[in-house]
Structure formats: structure tokens, C-alpha cells
């Protein structure tokens, strides 16, 4: 198996006709979809920051809960709890979006994928940019020390889910909306149980809560995860994951605009370096 190889449908699984939505999506350039992914994905961190101002975080997650026990439940639960405990949204994005390296290592070590030198160079350059972007946010937040480990758990969960989804996408093919629906139901049950245990199942009837819920349901969940799975269907796990290197920079800009968190020329330089690394990975891993 190579990192960019396509997967033929296994014997006994007939290829379903593409829906009108899929045909429309397939006409869009992958770079356009990846740009939308960056914006939608980074909005999730800001949505969780917005959420904690209005209600206990698991109460809101119940109303939009995501797409699978790994890719949504564990990923969002750990990041959201870290932010609720005081970890800054920029730091959470920084750690969680180290996922490109985790995905590449998982694909290489466990599934023996072959990534060429340009891909590894791009991942390394992108990582340098991410660390630079996160430099100014590393000292922010007043969370307990153990809370800073939660984004690492999120990163590993999404890396496993990414490779798993890519390897089984033909054997268990569903349309985009049915896939999101099934994964949201599974995740909703998990978050509902946590919210009920915490005694926080009932929604908070305020405009802020409603706005936070809509933000997390539409751009963060349907937009972010929907575009993530669409891009994964069109390319390799490593390329799609590498695009998320740009999410910390986008998150910092969101946080500056909405919550007054700091910006600097160092952050801008880091974003530029990350972009160069991502572009190198994209050039080395064309569409599947």
C-alpha cells in the first residue's frame, strides 16, 4: 500500500451511483475544498471557546455531537474539556493539529505506507510553522497541568480515525449525509450520557447558548467534518491531515477577532512557514 494509492471496492460490494451532491462536490477543485476545510475546522476551536462562556461544554456538544466515537467523541471531548479547564484555544489547536505527523507515522509504521522524502520534508516544515504560531500561546491559560495532555489524546484519536476511514471507505461506503448522521447519533449517545451524569443534560435557554450550538452544529461539525471526509475520499490521509497544519493560524486569527487573544508578526511568520510545508506535501501527493 502506498500513501496515495486508491482502494478498489472489495469483492461483493457493488459501487453505488453517485448522488447529486457528490457529483457537485466532485466538480470542485481539491484545493478549494481544502481551503474550506481550514476555515471550518478552525471554527470548531473557536466554537468551543464561545460555548464555555454560555453553558457547560458537554451540554452543547450533545446538540451537535459528531461523527464517530474516535473522530468526534474522543477528539472533541478532550479538546473541549481542556479549553473549559483553562487551556487556551490556540494551544489546544496547536497540539491537536500535530495530527499530520501522527497520521503519517501511523500509516508508515502500522500499515507500511510509503511516503517520499518531499512529504516528510513538508510535514517537518509545517510542524516548524505550527510551533512558531503556537509560541505566543504556550504560556496562556490557567488550566491544571494534566489538562494540557488532553489535546494529545484528541490528536491520536483523530489520526487513528483518519487512517481507519480511508482504509474502509469502499467496504463501508455511505453517502456523505448518511455517514455524518450515523456518526452524529453514535456520538450524541455518548455525549448525552456524559451530560446526564454531570447533571447538565438540559439546554440553557439563552441566545448565547443557541448561537454556540448553531456554530458548533453547522460550520464546525457539518462543515469541518464533512469537508474532512470529502477531502479524504479525494486524496491520501497524510495530505488531508497536513492541511490542518494551517488550522492553528486560522484559529489564532478567529480568537483575536472574537476574544482579543494576541497576534504578532511571529505568528504570521509561522503561518507562512506552515503554508510552505503544506504546499510541499500537496505537490508530493496528488489527488487519488
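The values are calculated or read from the model by the stated rules, or taken from the named source; none is laboratory data. For clarity, every value in this text was computed on a predicted model and none was experimentally measured. Note that each Cβ is placed from the backbone with ideal geometry, even for glycine, and that neighbours are counted across all protein chains shown.
Could you tell me whether residue 281 is in a helix (DSSP H, G or I), in contact (Cβ under 8 Å) with a residue 40 or more places away in the chain, over 20 Å from residue 163 (Cα atoms) and touching a helix residue (DSSP H, G or I) at 6+ places or on another chain (Cβ under 6 Å)? The answer is no for residue 281.
Here the helices (runs of 4 or more DSSP H) wholly within segment 59-142 that include at least 2 residues being touching a helix residue (DSSP H, G or I) at 6+ places or on another chain (Cβ under 7 Å), modelled with pLDDT under 75 and within 26 Å of residue 187 (Cβ to Cβ) are 89-96. Going through (1) surrounded by 22 or more Cβ atoms within 10 Å (Cβ to Cβ); (2) part of a loop (DSSP other than H, G, I, E, B) one by one, residue 262 falls short only on (1). Note on segment 148-253: enclosed helices (runs of 4 or more DSSP H) holding 1 or more residues that are surrounded by fewer than 21 Cβ atoms within 10 Å (Cβ to Cβ) and at pLDDT below 75 are 150-168, 176-197, 207-215.
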